[in-house]
Amino acid sequence: MAGLSALVVAIVAALLIGALHRRAQGRVSVAAEAGESAVTSPGLPLAVQEALTDATAGSAVEPRPVVTLLQLSTTFCAPCRHTRALLTDLVSGLTSVRHVDLDVTDRPDVVTALRVHRVPTTIAFDPAGRELLRVGGVPHRETLLNALRPHLLAADSED
């Protein structure tokens, strides 16, 4: 009888953990205060600046975006591919937002500097490098767009 009780407890615990994980998937976390950075120093850490420079090297010259969506991914991450497609489509209709996909497989310095615990993670930064919001997992398109609206240019906010 003790074995059956242990099995029931294990199943209930697994279901609870699964429900909590599913609930957190794609949730947008807004920075605590306007202008407050989630990183320890003002602006982007040097490792992140270098990674962004490397990731955007060779891309077409474009006006400085109002918001940069930095997607942190790894090589063999299936949800990362889905996130990449979603964010690429999202920014295609917005002039003030750019999407940068950064493979952090060999970049533990970036993961540590940004305090990232899972991939995909998408972090929105303003031009000064302050974190605006972050999403762990695959973002929900409308939820992310609604969270970004206050930071977009007027032309993009009307969409």
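What to note about this one:
- Label-point gap, in nm, between residue 109 and residue 142 - each point 7 angstrom along Cα→Cβ: 4.3
- Alpha carbon centroid spacing (whole Å) that separates the stretch 124-147 from the stretch 80-114: 10
Rule-based calculations on the coordinates, nothing more; no lab input. Remember, it's a predicted structure, so these values are computed and weren't measured experimentally. Methodologically, a virtual Cβ is constructed for each residue, glycine included, from the backbone with ideal geometry; neighbour enumeration extends over all protein chains shown.
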